[in-house]
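Engineer: Handing you this structure, nothing more for now.
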Amino acid sequence: MHKFVRKMAAAGIAAWLIAGQPLSAWAMAPILPLSEVAEGMQGTAWTVLDSSGTIQSFPVTIIGVLGEGKGADPMIMARAEGPLIHQVGGILQGMSGSPVYVHGRLVGAVAAGLKEMTPYTFFIRPIEGMTALWNLPDSKNKTRMRVFDLKKYLADKKKAEETAAKAKKDKSEKTDVMSAETEAKVDAELAKIKEKQNAPEKDTSEDASEDASENASADHAKPAEDTGDSSGREAAQAAVPAEEVRVAPGVPAAGEAQQNEKEKKNDGEKTTLFVSGFNQAGVRFLNQQFGGQYNFLPMSGPTAAEQQEFLYNATLKPGQTVGAAMAYGDFAVGATGTVTAVDGKKIVAFGHPFLQRGNVNYFMTDATIIGTISGVSNGMKLGNIGSVLGRISQDRTTGIAGTLGDFPSCVPLRVKVHDNTLGRTDVYESRIAYDEGFLSQLSGGIVYSAISKTTDNLAEGTADVHFTIRTNAVPSGKVERSNMFYNTSDVGQIAVSEIMQALNIICANTEKESDILDVQADVTYDAERKSATILSAIPDKSKVKPGDTVTFTTTIKPYRRDKETLLIRYKVPENQPEGALQLDIRGGGLVPVTSLLLLQQSGVDVTNAESKQQTTAQKLEDLMHNGRNNEIIVAPSQTAAPLTEKQKKQALRRAQKAAEAAAKAKAGHKVDLLGEKKNVTKNTGETKFTTKYIIDNVVHATLQVQKK
């Protein structure tokens, strides 16, 4: 290793002196094409195996090339050798992406192994297929408004700088600034190397190893020690690309989500995602939301300083650890792997898919390795992600690709949970990379985990939930909803249902990709059951005229509490015809049987005639105005009696009118992102009365309507 460092310093420093200026990024190494790869070639692979951040090497022997035919996925079979690789137990999960060089030319990346076979035989992903990712179209990250509060971000950043100025400076500036002292060291080292390389061995961390990094000649293209921005980072969120050493060529490599039942039953064939911030209940919830297709392994989370830090001028080196995260902050989900090649600000890594979602929008982070774990035929390299360095834009069969200093659009999520029983309040903040494929699941998982962590309780309970989503999917600029939920165990499971429903509607917008500015959720939890039953609802008068107001004296019986009396005012619709007006007095969460539903039950296909024509904005408006579980709603009764032909025709006409109204509402709404416009309540012939209990039944009343 020390001979390599001296050799690299000679080539790298000489090139730097020729260039006459300090280098801030790596140049692409020379490539050994797949067509020139032959059996018996001797090479070297580079990776990080411990918390020191040192990029270490081990010998590699090429065995042969597989899958060179048309349409095949070519891979290079190789054997890892040497004391280092035997010490850690062979090729491990997390080594994926480690660059392999033959005579100073980059062949490709450590990518896969044979499941349950020797851990010393593995497969190399040819570099040509990886660098091709840089040329693929990128349509993501095109949101039309800011995705987080810039003012807050700058304030937080200033605070972080004041509390950790020295640490920040060391991490963010050391890759870009070459001091006079360092320059002198470079000159001295070059002179010593020219004297038959008889200089004493020395640590080339910091600037020396950085300056030896950007050259395209034989040996200097290989990495020196890993001493970039990731060194010395404290425990943060970690994630290891799963099973990259368990899959043979011709079989999807590690990280590819397999949907068949065989894989769902065999955890060894699932992608492993490391998560931070999630407790055991949160991990179980994530498993449910993602259909059990991933293995979620809990790890520690990023520090507060790292969460606020975006390193605009950071560099990465081949062989260095890099992270790809779907969510980042107090709750994080992602993976770590190894950088294969760097060309200026562009990087490729992993040598296999992360989640194989094509054109993506993930956080690229620096990372540190904690250590390695190995078994008879299985092993893993564990790592933690740190600060955000850039954006991952491609996630495909041959690996992941991204750009340093280019940050992904994201959805900031803030969750505040107050436990009345414990007298405890916690606030959690995370950023979710904007991807419609997992935004709802991750948001729901984070809110659920926040509830679970603060309450520390999976028993029965009541949750009062309020959330706001600022988005251009609705003219008002925000989707806002409050509701109460009770469950006999783990109320968080249902407390997140509506926020996930809202995000699903936004992400399924068929007209355009909606922008989401941020999501905020406030949850108040009580360990007791807060439900009530309506015992009676007596009107102050039985004979009314259209437009009259009737006061119902309503008696409710809360669970294990004394009766309570409520006065609920109901206005008779102005167009109400003469005769008996049957009213339901019910809990808002109890969905009445409508005439359209009865039409559907009778075989008339009007089920989705209305919903299919609804715009995304209309669906969200419906969600916001749906009855709440803690409301008492007084409204005309929706009976389950068979429909007459006249009633069927009326229902069909209503469905047609709703479709026409939906079509007219599709275009031309100006969005109010500040939510300053006020919603106008329509005269729908119903009254909503908010209580502090979940109402669990319905009673009936009759008014006699007379001529006005």
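The values are calculated or read from the model by the stated rules, or taken from the named source; none is laboratory data. These numbers were taken from a predicted model, which means no experiment stands behind them. When we count neighbours, we look across all protein chains shown, and the Cβ atoms used for this are built from the backbone with ideal geometry, even at glycine. Keep in mind that these areas ignore ligands, DNA and RNA; they rest on the heavy atoms of the full protein, side chains included. Shrake-Rupley method; radii C 1.70, N 1.55, O 1.52, S 1.80 Å.
Engineer: Which of (1) modelled with pLDDT of 95 or more; (2) farther than 30 Å from Thr554 by Cα; (3) open to solvent by 20 Å² or more (accessible area, probe 1.4 Å) does Ile499 not meet, given it meets every other one?
Structural biologist: Answer for Ile499: the failing condition is (3).
Engineer: Taking Gln356 as meeting all but one of (1) open to solvent by 10 Å² or more (accessible area, probe 1.4 Å); (2) farther than 29 Å from Ser449 by Cβ, write down the number of the exception.
Structural biologist: Unmet condition: (2).
Engineer: Mind telling me which of the residues Gly379, Gly390, Gly386 ends up being within 27 Å of Met75 (Cα to Cα), open to solvent by less than 10 Å² (accessible area, probe 1.4 Å) and among the small types (Gly, Ala, Ser)?
Structural biologist: Gly379
Engineer: If you scan segment 478-490, which residues turn out to be open to solvent by less than 30 Å² (accessible area, probe 1.4 Å) and either aromatic (Phe, Trp, Tyr) or within 23 Å of the chain's Cα centre (by Cα) (or both)?
Structural biologist: Answer for segment 478-490, where residues must be open to solvent by less than 30 Å² (accessible area, probe 1.4 Å) and either aromatic (Phe, Trp, Tyr) or within 23 Å of the chain's Cα centre (by Cα) (or both): Val479, Arg481, Phe485.
Engineer: Additional query: Might you check whether a residue that is farther than 28 Å from Thr368 by Cα and of a type outside the set (Ser, Thr, Tyr) occurs anywhere in segment 77-94?
Structural biologist: yes
Engineer: Hey, can you tell me all the residues within segment 329-353 that are farther than 25 Å from Pro137 by Cβ and open to solvent by less than 10 Å² (accessible area, probe 1.4 Å)?
Structural biologist: Hits for segment 329-353 are Gly329, Phe331, Ala332, Val333, Thr336, Thr338.
Engineer: Next up: Of all residues in segment 255-287 being basic (Lys, Arg) and assigned to a helix (DSSP H, G or I), which is modelled with the highest pLDDT?
Structural biologist: Top of the filtered list is Arg284.
Engineer: Checking the conditions here, which among Gly371, Gly390, Gly386 is in a strand (DSSP E or B), touching a helix residue (DSSP H, G or I) at 6+ places or on another chain (Cβ under 7 Å), of a type outside the set (Lys, Arg) and at pLDDT below 95?
Structural biologist: Result of the check over Gly371, Gly390, Gly386: Gly386.
Engineer: Please go through segment 424-448 and give me each residue that is within 17 Å of Thr471 (Cβ to Cβ) and in a strand (DSSP E or B), ordered by number.
Structural biologist: Listed by number, the residues that qualify are Arg431, Ile432, Ala433.
Engineer: Counting just the residues of segment 463-477 that are of a type in the set (S, T, N, Q) and open to solvent by 10 Å² or more (accessible area, probe 1.4 Å), which one comes out nearest to the chain's Cα centre (by Cα)?
Structural biologist: Of everything passing the filter in segment 463-477, Thr468 is nearest to the chain's Cα centre (by Cα).
Engineer: Let me ask another. Limited to segment 288-331, what total is found for residues that are at pLDDT 90 or above, in a helix (DSSP H, G or I) and among the acidic types (Asp, Glu)?
Structural biologist: Total meeting the criteria: 0.
Engineer: Report yes if some residue within segment 124-138 is assigned to a loop (DSSP other than H, G, I, E, B), modelled with pLDDT under 90 and either open to solvent by less than 60 Å² (accessible area, probe 1.4 Å) or not hydrophobic (A, V, I, L, M, F, W, C) (or both); otherwise report no.
Structural biologist: no
The rows are residues; the columns are (1) farther than 20 Å from Gly113 by Cβ; (2) modelled with pLDDT of 55 or more; (3) out of contact with any Leu (no Cβ under 8 Å at 6 or more places or on another chain).
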site: Ala9; (1), (2), (3): yes, no, no
site: Leu17; (1), (2), (3): yes, no, no
site: Ala29; (1), (2), (3): yes, yes, no
site: Ala45; (1), (2), (3): no, yes, yes
site: Gly53; (1), (2), (3): yes, yes, yes
site: Asp73; (1), (2), (3): no, yes, yes
site: Ala78; (1), (2), (3): no, yes, yes
site: Gly82; (1), (2), (3): no, yes, yes
